[in-house]
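Asks: Take a look at this one; I'll ask things after.
The values are calculated or read from the model by the stated rules, or taken from the named source; none is laboratory data. None of the values given here were measured: they were computed from a predicted structure. A quick note on method: Cβ atoms are made from the backbone with ideal geometry, for glycine too, and the neighbour counts reach across all protein chains shown.
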Amino acid sequence: MKYEIQSTEYIADGLSTILESDLLSKENYNKLTVAKETIVEGWKQDKVWRSGIEMRASVLNDVRFPTAGMKYYQARHEQASQFSNLMYLITDYEEQKGKLLILEGKLEKLELDKELNAKEKAGSLLQLKAKIKRAEWSLKDMEKQGHHRVREVAEWDTIMKEVDNGSFPKDDYDTMQKEGLPERWRREFQACQLASETSGNRVGILKGSLDAAKSYGNQIR
């Protein structure tokens, strides 16, 4: 799975933006110039959220999600969460674009203002330009987030197809849990025993859950 995002022109031009500020010394700016290629490539390739192996081995680990059904439903939950956050991100993105237009309009108006004294005008211009830079960077960062949210949505779709072996009902969460949850509790309890953990709230909760599952007639393998 590729993590690269194509929209990189703002990053490539970022050094000129930094040069406009007097935050950094000439020495430090030169260091950034030398590292420009790796900075741009790093921003393009940097992974946001989880890789495919993290989804499969860490999120959908065999202790917490021991059955195909448990894995499928969790993958569907993760996909839905990413899609929901993508929808909120889109509205934030559009709102930020609007803010940027307003700021640019204020900047044009201020530049034409001949009544402000020189220092007040210079200070206001500096503040507005800084807000514009922040808004521009925010939009680029949101584009990157959107890229990776879509990547996760697509990867979770792939995972759901991988684990869908026909052994569980896709429209009945309770039935799937009757098989999956007792097995999950059994494996978690076994993990505690292997770690010589025999007391504490978590062990007690697991023991209670297992006993409750048995009382409901679930077969614990």
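Asks: Of the conditions (1) under 28 Å from Leu23 (Cα atoms); (2) more than 23 Å from the chain's Cα centre (by Cα), Trp137 clears all except one; give me its number.
Replies: Tallying (1) under 28 Å from Leu23 (Cα atoms); (2) more than 23 Å from the chain's Cα centre (by Cα), Trp137 fails exactly one: (2).
Asks: Give the residues of region 144-160 that are within 23 Å of Tyr88 (Cα to Cα), surrounded by fewer than 17 Cβ atoms within 10 Å (Cβ to Cβ) and either among the small types (Gly, Ala, Ser) or touching a helix residue (DSSP H, G or I) at 6+ places or on another chain (Cβ under 9 Å) (or both), sorted by residue number.
Replies: Val150, Ala154, Asp157 - these are the residues of region 144-160 that are within 23 Å of Tyr88 (Cα to Cα), surrounded by fewer than 17 Cβ atoms within 10 Å (Cβ to Cβ) and either among the small types (Gly, Ala, Ser) or touching a helix residue (DSSP H, G or I) at 6+ places or on another chain (Cβ under 9 Å) (or both).
Asks: Also, I was wondering about something else. Assess whether Leu128 counts as being more than 24 Å from Ser81 (Cβ to Cβ), out of contact with any Asp or Glu (no Cβ under 8 Å at 6 or more places or on another chain), modelled with pLDDT of 90 or more and not small (Gly, Ala, Ser).
Replies: It is true that Leu128 is more than 24 Å from Ser81 (Cβ to Cβ), out of contact with any Asp or Glu (no Cβ under 8 Å at 6 or more places or on another chain), modelled with pLDDT of 90 or more and not small (Gly, Ala, Ser).
Asks: Now for a different question. State yes or no: is Leu100 buried (at least 16 other Cβ atoms within 10 Å of the Cβ) and either modelled with pLDDT of 95 or more or farther than 25 Å from Glu188 by Cα (or both)?
Replies: yes
Asks: Taking the criterion of being in a helix (DSSP H, G or I), within 30 Å of Leu107 (Cβ to Cβ) and either at pLDDT 90 or above or not hydrophobic (A, V, I, L, M, F, W, C) (or both), would at least one residue in region 154-171 satisfy it?
Replies: No: zero hits.
Asks: When you check Met87 against the structure, is it of a type in the set (A, V, I, L, M), in a helix (DSSP H, G or I) and closer than 30 Å to Asp174 by Cβ, yes or no?
Replies: When the stated conditions are applied, Met87 passes them.
Asks: Name the residues in region 53-98 that are of a type in the set (Phe, Trp, Tyr) and closer than 12 Å to Met160 by Cα, would you?
Replies: Answer for region 53-98, where residues must be of a type in the set (Phe, Trp, Tyr) and closer than 12 Å to Met160 by Cα: Tyr72, Tyr73.
Asks: Considering only residues that are crowded, with 18+ Cβ neighbours inside 10 Å and closer than 12 Å to Lys71 by Cβ, which ones fall in region 161-182?
Replies: Across region 161-182, the qualifying residues are Val163, Phe168, Met176, Gly180.
Asks: Which numbered condition trips up Leu116, out of (1) within 17 Å of the chain's Cα centre (by Cα); (2) outside any helix (DSSP H, G or I); (3) of a type outside the set (Lys, Arg)?
Replies: (1)
Asks: Next question, about the same structure. Here is a list: Asn30, Asn61. Which entry is on the phi < 0 side of the Ramachandran plot and modelled with pLDDT of 90 or more?
Replies: The conditions single out Asn61.
Yes/no per residue for (1) among the aromatic types (Phe, Trp, Tyr); (2) assigned to a helix (DSSP H, G or I); (3) exposed (fewer than 11 other Cβ atoms within 10 Å of the Cβ):
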position	(1), (2), (3)
Thr33	no, yes, no
Ile39	no, yes, no
Gly42	no, yes, no
Glu54	no, yes, no
Ala57	no, yes, no
Asp62	no, no, no
Phe65	yes, no, no
Gly69	no, yes, no
Gln74	no, yes, no
